[in-house]
Every structure is written in C-alpha cells, then in structure tokens.
Amino acid sequence: MVPVRCLAITILLLISLGALAAQENPSAGLALTPPMGWNSWNKFGCNVSEDMIRSMADAMVKSGMKDAGYQYVNIDDCWQVSRDAKGNVVADPQRFPHGMKAVGDYIHSLGLKFGVYSDAGSKTCAGRPGGLGHEYQDALRYAAWGVDYLKYDWCNTSTQDAKASYANIRAALDASGRPIVLSICEWGKASPWLWGKEVGGNLWRTTDDISDRWSGHPKWPDGSCCANSVLSILDQQVGIQSYAGPGHWNDPDMLEVGNGGMTGTEYRAHFSLWAMLAAPLIAGNDLRNMTPEIHDILTNKEVVAVDQDPLGREGERVAKNGDLEVWAKQMQDGSRAVILLNRGESQQNITVNWRDLGYPEHLSAVVRDLWEHKDLGKFTGSFSAAVVPHGVVMTSIKP
C-alpha cells in the first residue's frame, strides 16, 4: 500500500506538472468557439490607420456588435513599412503615429481584442516586410503590443513547406508567453485541414480569397483571374467538415456582408451559411455607417448562436436537388440547425426530411424560423417552406 504522504506528494507533483504544461502552452484553450470580430481588408485594403481602427472599435461597441459576440479588431496588411537596424518590424509612423501598442491598448480599453497581420514569406501580399526569419523576434513584439490574434498569410513563400512554416510561427507565439490565436491564411493549397490542428492553428483558410459576389468566379478589379464567390466557396467546404471543432476551425474567409456587391437576401444567405459552417465570423464592412438591414444581419443572435454552439460541429449538406439544397448542423442540445438554400432564379419549395437529419420519421419536432424569430409549429417527418431566389430559410428543428 502506498503511504498517504507519498500519495499526497505524487498528487501535488502531478498538479504542478499540469500547471507547468499550461504555462508552456499559452495557446491551450483558445478559440473554443469560432472567432468573431472585424478585419480591415475587405473594405479598406491598404488604407489602414490608427484613427480608422480606433473608430471601428468604437463602432463595434456602439452598434451592439460587441454585445452580439464580436471581439476581435484585426488590422490586415499594410500597417508595417520596414525593419529597423535590429530587425524589428516598424509600423507606418504616418498612419500609426502612436505605435501599435497604443492601438492595442485602446482596443483593450473597450473590452475588445487586438489582431494584426503578417506573412510566412519574405514579404506580405502587399509587399511589406514578411515574417520569414523573424518569427520569434516578431512574436515577442506582438506580445509586447498586446496582440491577441495573428493572421499569417502565404505570399512570397517560394519553396517553403507550409506545415513547417506554420508550426514555426505557432512555436514562436507560444514562446512569447502570450495566448495568441493563429489564423493560418494558406488559401487551402496544401490542405491545411489535414495538419492545421497538429501545428497549433486555430483556424485555416480553405480557399482563395472571397469576393463580394453571390456566384461564379469573377475577375479581380485589376483584371486578374479569379476570385471566389459565396457559392463557389460553399461548394469547396463539402467533405471537410470533420476536421473542424473547438479550437480548430475551417475558415471559408471573411464576411462580405454590407460591402455592396450583393443584395440583402444574398447577404442574409451568406451570413446564414457561414454560421452553418461554424466559420469564424469576421466582418469586413464599415461598421460606422451600416444600414439597419446590414446591422440586423450581423447581430442576429439566434443565427450567431448556431455558429457559436459549444458542441463545435460544422454543418454539412445533407440533400441536393439541382439548385435546391438542405444543410444541417447538430447542436449541443440535440436539435438541428437547418438551412433550406435556393441557388436558383425562381422561388421554390424546399423540403427537409427528418431522415436526413438523423431523426426517426415518426418524431414530432418544433420548427423555429431564426430570421423571423418565431416558432412555426410542430411537424412530423418533414418540413417544407417556400424559398426566394438566392435566399435561405434558416430554422431550428428541436424534438
């Protein structure tokens, strides 16, 4: 029999080792639900500044987005201009005259979190200093600034191995001692869903960049080919849903809701589908002058709750008939979130059958419309609704 004193010492030792392990891995427990926030790129591109970022943080609070769950204020490319004589990355002194720490401090003062952007290659996509060869140095800098989120791009990477490069920046971030969410922006080229969790990524892009379009593969404004639309990205998520879960998410790219290229119906569908995919909800519009319609889309708490469900299941397509599709997501309480999607050009009735949800056909379930915020009644075996072109009906189906 083990003496009581020895047993107590053993227990204390195990507790101490557990605490030490937690200290050595500050990223443990990050992004247990998909990150929610805002990023500068989709609307502003390189036109970023200290004043704009501060005003966007203010708007996140005043608009009610913070109350709806949005946390991160993320500065994308073009905040950096050079490296100093010691190799430290330098923020643009004209656009960020008080420095990046001051910006982070302001964001934190509002109860929000601070994100920045860099690149695994020698230069960023906009030609600014990349992180290659400076990973540990940059991570210490980010930690000193109070950074909570790093989006790490994949431009100018030459012959680098993606998995090794992202493992390196995660090790550097952890060595800084600060918990920092790592967003792997590798565009899905090397199937990051296969290794992203292993290297400590919290989310990984599954496709090339999104554009503010509903369908097709439009050209970029400079004439180059080709961008992704909402539907082309959606199709690329089929079959990879099992790789997502708490702390590690498939990322179909940031939201275009409110940027002007789609109709209100299409933006509602875009937001609904991203919530169904348990995608990071990173807004990309100008939060300072949203229309009431766009505001109500981004802050619909019932739809956000589908995205943020703690079970962490990514939804999947469970039925398809031409342009008519059914998507479903298992929720922690045993219910299903269900989207009836009409990709076509005329209004159509769409039916979800209980068997496609893993429910027995004799089951009676309450159906609730998450956009109309009302219960539609009890149904057995199936539910049908008329769906407008390019639109969705999004429901909760609960036995």
Looking only at the stretch 250-262, count how many residues are part of a loop (DSSP other than H, G, I, E, B), touching a residue at least 60 places away in the same chain (Cβ under 8 Å) and either on the phi > 0 side of the Ramachandran plot or surrounded by 22 or more Cβ atoms within 10 Å (Cβ to Cβ) (or both).
-> 3
Report yes if some residue within the stretch 285-300 is closer than 25 Å to GLY239 by Cα, surrounded by 23 or more Cβ atoms within 10 Å (Cβ to Cβ) and in the same structural domain as TYR149 (by TED's automatic domain parsing); otherwise report no.
-> no
Assess whether SER118 counts as being crowded, with 21+ Cβ neighbours inside 10 Å, part of a strand (DSSP E or B) and of a type in the set (Gly, Ala, Ser).
-> yes
Looking at the stretch 133-156, which of the residues that are touching a strand residue (DSSP E or B) at 6+ places or on another chain (Cβ under 8 Å) and in a loop (DSSP other than H, G, I, E, B) is surrounded by the fewest Cβ atoms within 10 Å (Cβ to Cβ)?
-> ASN156
Would you check which residues across the stretch 167-208 are crowded, with 20+ Cβ neighbours inside 10 Å, in contact with a Phe, Trp or Tyr (Cβ under 7 Å, 6 or more places away or on another chain) and either of a type in the set (Asp, Glu) or not in a loop (DSSP other than H, G, I, E, B) (or both) and list them?
-> ILE169, ALA172, VAL181, LEU182, SER183, ILE184, GLU186, PRO192, TRP193, LEU203, TRP204, ARG205
Does the stretch 308-317 include one or more residues that are farther than 30 Å from SER40 by Cα, touching a residue at least 12 places away in the same chain (Cβ under 8 Å) and not β-branched (Val, Ile, Thr)?
-> yes
Mind checking whether some residue in the stretch 157-173 is in contact with a strand residue (DSSP E or B) (Cβ under 6 Å, 6 or more places away or on another chain) and on the phi > 0 side of the Ramachandran plot?
-> no
Among residues of the stretch 216-244, those that are modelled with pLDDT of 95 or more and either over 18 Å from the mean Cα position of the chain (by Cα) or at positive phi (or both), counted | 1
Pull up the stretch 220-249, narrow it to residues that are over 21 Å from ALA31 (Cβ atoms), among the hydroxyl-bearing types (Ser, Thr, Tyr) and touching a residue at least 12 places away in the same chain (Cβ under 8 Å), then point me to the one that is surrounded by the fewest Cβ atoms within 10 Å (Cβ to Cβ).
-> SER232
Look at the stretch 19-55 and say how many of its residues are under 17 Å from ILE107 (Cβ atoms) and at pLDDT below 95.
-> 0
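The values are calculated or read from the model by the stated rules, or taken from the named source; none is laboratory data. Not measured: the values here are computed from a predicted model. All Cβ positions, even for glycine, are placed from backbone atoms using ideal geometry, and neighbour counts span all protein chains on display.
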